[in-house]
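Below is one structure, written out as structure tokens, with a few remarks after it.
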Amino acid sequence: MKKLALPLLLSSAILVGSAGLLVAAREIPSNKQTETVGWKIARQAAGYLGTRYKFGGRGEQGLDCSGLVARIWEDLHLGKLPPNASALFKLGTPVEPQDVQAGDLVFFENTYRRGISHVGIYVDDREFIHASGRRRGVAVSNITQPYYLNRIVGARRLYEE
């Protein structure tokens, strides 16, 4: 599978604040620019930070990476999605690295098995939210971390503004 190098598009924690989404210690206010469908997806994802990881999980007992994405789509009434990262990778519109924006899905290969095996929700400036694994649960990671940078294969947009 062809590797995709995303450009250096904030840094670590994302929290939900009353006025908006806090990304790397700077608040992104709720305004017309951040009220796009993509930002609504990112905010909804931030609401799941700290949720327990469960392989195959799509509910209250825990979430896996594709379960997190499917749950957010259901929460926001965006539709029903397939149950795994490789099936999600076949949907929507491919996004060029320079055009990745909040709410786009970022895909990785060869994480726990060969091929497309992990998905996260892009937030801003190299950061994405994903069901990381048993140790961290739903967490924020940076695409430029070597583990992710070596495995990223692309981004797709599954929503329309």
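The values are calculated or read from the model by the stated rules, or taken from the named source; none is laboratory data. Given the structure is predicted, the values throughout are model-derived calculations rather than measurements. As a convention, Cβ positions derive from the backbone with ideal geometry for all residues, glycine included, and neighbour counts pool all protein chains shown.
Which count do you get for residues in region 111-129 that are closer than 25 Å to E74 by Cβ and in contact with a helix residue (DSSP H, G or I) (Cβ under 9 Å, 6 or more places away or on another chain)? Selection size over region 111-129: 12.
Of all the criteria given as (1) more than 12 Å from the chain's Cα centre (by Cα); (2) of a type in the set (D, E); (3) within 16 Å of I129 (Cβ to Cβ), the one not satisfied by E109 is (3). Remark: pairs (first residue in region 44-58, basic (K, R); second residue buried (at least 20 other Cβ atoms within 10 Å of the Cβ) and in a strand (DSSP E or B); Cβ separation under 7 Å; 6+ apart in sequence or on different chains) = K54/L63.
If you take the residues in region 27-38 that are at pLDDT below 95 and either acidic (D, E) or not in a strand (DSSP E or B) (or both), which one is surrounded by the most Cβ atoms within 10 Å (Cβ to Cβ)? Only one residue fits best here, namely T34.
Of the strands (runs of 3 or more DSSP E) lying entirely inside region 113-161, those carrying at least 1 residues that are closer than 18 Å to L81 by Cα are 116-124, 127-131, 152-157. Restricting attention to region 44-65, report how many residues are modelled with pLDDT of 90 or more and outside any loop (DSSP other than H, G, I, E, B). Of the residues in region 44-65, 8 are modelled with pLDDT of 90 or more and outside any loop (DSSP other than H, G, I, E, B).
Might you check whether a residue that is within 13 Å of I41 (Cα to Cα) and touching a helix residue (DSSP H, G or I) at 6+ places or on another chain (Cβ under 9 Å) occurs anywhere in region 130-153? Yes, there is a match, as at least one residue in region 130-153 is within 13 Å of I41 (Cα to Cα) and touching a helix residue (DSSP H, G or I) at 6+ places or on another chain (Cβ under 9 Å).
Scanning region 82-105 finds one or more residues that are assigned to a strand (DSSP E or B) and in contact with a Leu (Cβ under 7 Å, 6 or more places away or on another chain). For the residues T111, T93, the requirement of being among the polar types (S, T, N, Q), touching a strand residue (DSSP E or B) at 6+ places or on another chain (Cβ under 6 Å) and exposed (fewer than 14 other Cβ atoms within 10 Å of the Cβ) singles out T93. Consider I41 carefully, then state whether it is modelled with pLDDT under 95, of a type in the set (A, V, I, L, M) and either within 11 Å of the chain's Cα centre (by Cα) or surrounded by 21 or more Cβ atoms within 10 Å (Cβ to Cβ) (or both). No, not satisfied.
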